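The values are calculated or read from the model by the stated rules, or taken from the named source; none is laboratory data. Nothing here was measured: the structure is a model prediction, and the numbers come from that model. Every residue, glycine as well, gets a Cβ built from its backbone with ideal geometry; the counts of neighbours run over all protein chains shown.
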Amino acid sequence: MIGAIMNAPARVIPLRPPDTPALFNPQARVCADCGVRRFALFGALDLQGLDQIHVDIVETRLRPGQPLYEAGQPGVAAFTVRAGLVRLERTNAQGERRVLRLAGRSDLVGMESMLGQTYAADAIACTEVQACRLPHGLIESLTRREPALALDLMKRWQRALDDADEWLVELGSGSARQRMLRLLLKLSEYGEEGATLWLPSREQIGSMLGMTLETASRLVSALKREGVIETVDKRHVRVAMPRLLAALGSSAG
């Protein structure tokens, strides 16, 4: 399968003309005005730091199911997720797909590229996704000059490890119902209050939670009857958070 990096529509910011004042650096201006910058990696940079970005940052857009990158590909860039939801998954020795974690707005993925390594997992769009491609050389040069960026990069790496551990602990133990409820709670972290949430397919739920397709279907149907979730369309639901929390409390007893 050919990665979506090669095929997805991209918006390229022109290179800065020589001797152009910082105020008119097109890439710096775009990054400064980005809606997720203060939460994303470059939030650690002030305007002077942003003016050191002398390469194009490509905006990548993906449709649901398209890969941002694939496991085993050379790690040439990291990506900041500007909008949408991405899942990091890997195939084990038995050929089973396993989701390692999710990444949403302002999260950084593909950090292994910073070490010159190949990508360790497939990064696949769950929803429509917008992401900024950050070349390895750009981050390497900026972190040399900007200690705050290097520290922020380490914090993001640790957070990714924590997210993977939490995914394993929270969604890999307990009854099938408990795991399903925890998955919904986890998915709600990537949506705004009252907004619709992406719901994995029954097959994906089974893969995420280590259960059969039949069990996943039965649990989703039960939660609909109980009013915990309301179907919006085939891949989106609305969650009644008070009922979800109550169901979690009762299932723990």
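When the residues of the range 232-249 are filtered to those that are surrounded by 14 or more Cβ atoms within 10 Å (Cβ to Cβ) and either part of a loop (DSSP other than H, G, I, E, B) or β-branched (Val, Ile, Thr) (or both), the one that is modelled with the lowest pLDDT is Arg235.
Rundown of residues vs (1) of a type in the set (D, E, K, R); (2) modelled with pLDDT under 90, yes/no style:
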{"residue": "Ala148", "(1), (2)": "no, yes"}
{"residue": "Arg159", "(1), (2)": "yes, yes"}
{"residue": "Ala164", "(1), (2)": "no, yes"}
{"residue": "Gln178", "(1), (2)": "no, no"}
{"residue": "Leu185", "(1), (2)": "no, no"}
{"residue": "Glu192", "(1), (2)": "yes, yes"}
{"residue": "Trp198", "(1), (2)": "no, no"}
{"residue": "Ser201", "(1), (2)": "no, no"}
{"residue": "Gly206", "(1), (2)": "no, yes"}
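The set of residues in the range 204-226 being more than 21 Å from Val86 (Cβ to Cβ) and crowded, with 16+ Cβ neighbours inside 10 Å consists of Met211, Thr215, Ala216, Arg218, Leu219, Val220, Leu223. Take Gln178 and tell me if it is polar (S, T, N, Q), touching a residue at least 24 places away in the same chain (Cβ under 8 Å), assigned to a helix (DSSP H, G or I) and surrounded by fewer than 18 Cβ atoms within 10 Å (Cβ to Cβ). Taking the combined requirement at face value, the residue satisfies it. The conditions of being surrounded by 13 or more Cβ atoms within 10 Å (Cβ to Cβ), under 17 Å from Glu89 (Cα atoms) and either among the β-branched types (Val, Ile, Thr) or more than 20 Å from the chain's Cα centre (by Cα) (or both) are not met by Ile229. Residues that are more than 19 Å from Arg90 (Cα to Cα) and β-branched (Val, Ile, Thr) were ranked within the range 107-142; the one that is surrounded by the most Cβ atoms within 10 Å (Cβ to Cβ) is Val129. Here the range 54-89 is the region considered, the condition is being charged (D, E, K, R) and at pLDDT below 90, and the residue that is nearest to Ala103 (Cα to Cα) is Arg82.
Here is a check on your reading of the model: is Ser201 of a type in the set (Gly, Ala, Ser) and either touching a residue at least 60 places away in the same chain (Cβ under 8 Å) or surrounded by 12 or more Cβ atoms within 10 Å (Cβ to Cβ) (or both)? Judged against the criteria, Ser201 is a match.
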